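K.L.:
Next up is a structure, given as structure tokens.
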């Protein structure tokens, strides 16, 4: 009896674990530390522009690496089957319905939750085949929607924290 299938599964699980870990680490450092800090220091407009440019470059590099490696280290290609979901979960059926309404509706929906790299990799036809004109439109729309949303969310979050800090400082200064 061969041990090869179990080794392949272990290798695949390890690949996905490393891919998810690296992606989550990058996401937390960029989205929850660097982005709010830059928005706090430079304001909504200037900070948002700087972080949007960094996001564009970073996501494009991740997409290029994803294509170059020809490895599905985030399970994106496996998740593409969500569009065809027909099970009993109402939420998953709604998501499948929404993702099938068209590229731009799916792009906007995914862009609020995911970065342009994941949104573009998920929505493009085929795998590891570079970017065509349609993919570039999806990437740019996702980049714009995601960064506009995240810049405003960070600005409000930082503003609320600054207001609370000021109120606590005044309260404890008596």
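Read-outs throughout are calculated quantities, based only on the coordinates presented, and are distinct from any laboratory measurement. Note that this is a predicted model, so its numbers are computed, not measured. Cβ: placed from backbone, ideal geometry, glycine included. Neighbour counts: every protein chain shown.
K.L.:
Label points 7 Å out from Cα along the Cβ direction at residue 79 and residue 127: separation in nm?
P.N.:
1.4
K.L.:
Hey, what's the Cα Rg ratio for the chain versus the globular rule of thumb, 2.2 N^0.38 Å? Spell out each step's value before the answer.
P.N.:
Working: Rg = 19.7 Å, N = 174, 2.2 N^0.38 = 15.6 Å.
Dividing the Cα radius of gyration by 2.2 N^0.38 Å gives 1.26.
K.L.:
Continuing with the same structure: Please arrange 71, 124 by how many other C-beta atoms lie within 10 Å of their C-beta, fewest to most.
P.N.:
71, 124
K.L.:
Helix 103-113 against the longest principal axis of the chain: what's the angle in degrees, Cα atoms only, rounded to the nearest 10?
P.N.:
60
K.L.:
Given contacts defined as C-alpha pairs under 8 Å and at least six residues apart, what's the relative contact order of the chain, whole-number percent? Let's see the in-between values first.
P.N.:
Details: 134 pairs, mean separation 44.3, N = 174.
About 25 percent, as a whole number.
K.L.:
Relative to a virtual label point 7 Å from the Cα of residue 162 in the Cα→beta-carbon direction, which members of region 34-62 show backbone nitrogen distances below 13 Å?
P.N.:
36-48
K.L.:
Something else about it: Figure the gain on full extension for residue 69 and residue 56 (residue separation times 0.36 nm, minus the Cα-Cα span) and round it to one decimal in nm.
P.N.:
Extra length from residue 69 to residue 56 when fully extended: 2.7 nm.
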